[in-house]
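To start, the structure itself, in structure tokens.
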Amino acid sequence: MSKLLIITYPDASLGFSLAGVEVREAKEGEDITPLLQNIISGGEYGLLAVEENLLSKVPEGILKRIRKAGIPVIVPIDTPKSWYGEAEMESSYVVRLIRKAIGYQVKIKR
């Protein structure tokens, strides 16, 4: 049976872990190519949700090989890098998601 794996920033990993999803952390700017190659060779995971910025550093040849094989399926995600700073929160993914779900803008204060 295939499993789900999330590759994201340390700030976002706790939420995914609390939801019961297996998580691997990577710092911003880190090259995750060796990690992806290990995951692919293991054949344990069917779906990888990977932070968009981390995925952009992976060579196109490796991504093509993954797409051609079909498994694991890689889904890019975009989580906030930090939960600090009101200006950043105004345009964050979470704020946009809340606005879409309830139909109006919510101002998040710390």
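For the range 50-64, name all the residues that are assigned to a helix (DSSP H, G or I) and either touching a strand residue (DSSP E or B) at 6+ places or on another chain (Cβ under 8 Å) or without any contact (Cβ under 8 Å) to a residue 24 or more places away in the chain (or both).
Result: E52, L54, L55, E60, G61, L63, K64.
Do any residues in the range 36-49 that are assigned by TED's automatic domain parsing to the domain that holds I74 and on the phi < 0 side of the Ramachandran plot have Cβ atoms under 8 Å from those of residues that are surrounded by 14 or more Cβ atoms within 10 Å (Cβ to Cβ) and assigned to a helix (DSSP H, G or I), where the two are at least six apart or on different chains, and which pairs are they?
Partner pairs satisfying both residue conditions: L36/I66; I40/I66; Y45/I39; L48/L36; L48/I39.
Is it fair to say V58 is of a type in the set (A, V, I, L, M, F, W, C) and at pLDDT below 80?
When the stated conditions are applied, V58 does not pass them.
Can you report the number of residues in the range 32-44 which are in a loop (DSSP other than H, G, I, E, B) and within 14 Å of the chain's Cα centre (by Cα)?
1
A quick yes/no check of all residues on (1) at pLDDT 85 or above; (2) not charged (D, E, K, R):
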{"site": "P34", "(1), (2)": "yes, yes"}
{"site": "I40", "(1), (2)": "no, yes"}
{"site": "Y45", "(1), (2)": "yes, yes"}
{"site": "R67", "(1), (2)": "no, no"}
{"site": "P72", "(1), (2)": "yes, yes"}
{"site": "Y93", "(1), (2)": "no, yes"}
{"site": "I98", "(1), (2)": "no, yes"}
{"site": "I108", "(1), (2)": "no, yes"}
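Please specify each residue of the range 1-44 satisfying the condition of being among the aliphatic types (A, V, I, L, M) and exposed (fewer than 14 other Cβ atoms within 10 Å of the Cβ).
M1, L14, L18, A19, listed by residue number.
Residues of the range 45-72 being of a type outside the set (A, V, I, L, M) and surrounded by 14 or more Cβ atoms within 10 Å (Cβ to Cβ), which ones?
Y45, G46, E51, N53, P72
Please work out if K27 is without any contact (Cβ under 8 Å) to a residue 24 or more places away in the chain and outside any helix (DSSP H, G or I).
It is true that K27 is without any contact (Cβ under 8 Å) to a residue 24 or more places away in the chain and outside any helix (DSSP H, G or I).
The values are calculated or read from the model by the stated rules, or taken from the named source; none is laboratory data. Predicted, not measured: the structure shown is a model, and the values here were computed from it. With ideal geometry, Cβ positions are generated from the backbone for all residues, glycine too; neighbour counts draw on all protein chains shown.
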